[in-house]
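Q: Please read through the structure below; I'll follow up with questions.
The values are calculated or read from the model by the stated rules, or taken from the named source; none is laboratory data. Quick caveat: nothing in here was measured; it's all calculated off a predicted structure. Here the Cβ is made from the backbone with ideal geometry for all residues, glycine too, and neighbour counts use every protein chain on show.
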């Protein structure tokens, strides 16, 4: 399975590295200190030199890409991972690389980048997409809500993912809406129940079945 998907892994890795090429093209125009981090209000609060800004993030993301994809392909239950879920795994990091490095370069060149709007929109959309796939996600050790009781009970897994999928879609829509309220802290207010509620629900199913 690794050999079959190796071309896809190479292609997505090259996409992740595109910002390096762009950075080299823009090298003379980039300032010595490049903004690489923003606070919750969208103000720059972290800088790096040009070498770090151009090379570090894409190279780190490529490493994460190989770890995530190879981990998925080596999953003992990889036969349960459908093509759409695997495609999602393949392309999340490349999109993050293009988006984040575009914001870095645009800000470095003096353009106004509304990170406080862009990131909630992106994260919210990502949660909506993942939420739509969750009910179709079968048991595996790499994708989904991996808890002892979900991995040991297919019914628990299915019910938990149906509920979590609905919750993540609603949460993703709310997160996208917060992008226009100028209150990025609401992102975390919405995210916490998106993580905790499925865990509690799954555990309650486990305790109920145990009785």
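Q: Sort through 194, 103 and tell me the only one that's modelled with pLDDT of 90 or more, touching a strand residue (DSSP E or B) at 6+ places or on another chain (Cβ under 9 Å) and surrounded by 14 or more Cβ atoms within 10 Å (Cβ to Cβ).
A: 103
Q: Test each condition in (1) surrounded by fewer than 13 Cβ atoms within 10 Å (Cβ to Cβ); (2) under 25 Å from residue 137 (Cα atoms); (3) out of contact with any helix residue (DSSP H, G or I) (no Cβ under 9 Å at 6 or more places or on another chain) for residue 80 and report the one that comes out false.
A: Among (1) surrounded by fewer than 13 Cβ atoms within 10 Å (Cβ to Cβ); (2) under 25 Å from residue 137 (Cα atoms); (3) out of contact with any helix residue (DSSP H, G or I) (no Cβ under 9 Å at 6 or more places or on another chain), the lone unmet condition for residue 80 is (1).
Q: Give me the residue from the range 141-196 that is touching a residue at least 60 places away in the same chain (Cβ under 8 Å) and part of a helix (DSSP H, G or I) and, out of that set, nearest to residue 122 (Cα to Cα).
A: The qualifying residue nearest to residue 122 (Cα to Cα) is 187.
Q: Do we find that residue 79 is in contact with a strand residue (DSSP E or B) (Cβ under 6 Å, 6 or more places away or on another chain) and farther than 21 Å from residue 116 by Cβ in this structure?
A: Against the criterion (in contact with a strand residue (DSSP E or B) (Cβ under 6 Å, 6 or more places away or on another chain) and farther than 21 Å from residue 116 by Cβ), residue 79 does not qualify.
Q: In this structure, does residue 144 turn out to be surrounded by 14 or more Cβ atoms within 10 Å (Cβ to Cβ), out of contact with any strand residue (DSSP E or B) (no Cβ under 7 Å at 6 or more places or on another chain) and at positive phi?
A: Against the criterion (surrounded by 14 or more Cβ atoms within 10 Å (Cβ to Cβ), out of contact with any strand residue (DSSP E or B) (no Cβ under 7 Å at 6 or more places or on another chain) and at positive phi), residue 144 qualifies.
Q: Scanning for something in contact with a helix residue (DSSP H, G or I) (Cβ under 6 Å, 6 or more places away or on another chain), surrounded by 20 or more Cβ atoms within 10 Å (Cβ to Cβ) and either part of a loop (DSSP other than H, G, I, E, B) or modelled with pLDDT of 90 or more (or both), does the range 67-77 turn up at least one residue?
A: For the range 67-77, residues in contact with a helix residue (DSSP H, G or I) (Cβ under 6 Å, 6 or more places away or on another chain), surrounded by 20 or more Cβ atoms within 10 Å (Cβ to Cβ) and either part of a loop (DSSP other than H, G, I, E, B) or modelled with pLDDT of 90 or more (or both): present.
Q: Next up: Go through 104, 89 for me and flag whichever is in contact with a helix residue (DSSP H, G or I) (Cβ under 8 Å, 6 or more places away or on another chain), over 15 Å from residue 137 (Cβ atoms) and assigned by TED's automatic domain parsing to the domain that holds residue 25.
A: Just a single option satisfies the conditions, and that option is 104.
Q: Taking the range 104-117 as the region of interest, how many residues are touching a residue at least 24 places away in the same chain (Cβ under 8 Å) and outside any loop (DSSP other than H, G, I, E, B)?
A: 7
Q: How many of the residues making up the range 27-44 are crowded, with 16+ Cβ neighbours inside 10 Å, part of a loop (DSSP other than H, G, I, E, B) and on the phi < 0 side of the Ramachandran plot?
A: Adding up the residues that qualify gives 1.
Q: Is there any pair with a first residue in the range 14-30 that is farther than 17 Å from residue 108 by Cα and a second that is part of a loop (DSSP other than H, G, I, E, B) and at pLDDT 95 or above whose Cβ atoms are under 7 Å apart and which are 6 or more apart or on different chains, and what are they?
A: none
Q: With the checklist (1) surrounded by fewer than 17 Cβ atoms within 10 Å (Cβ to Cβ); (2) in a helix (DSSP H, G or I) in hand, flag the one item residue 138 doesn't pass.
A: It fails just one condition, (2).
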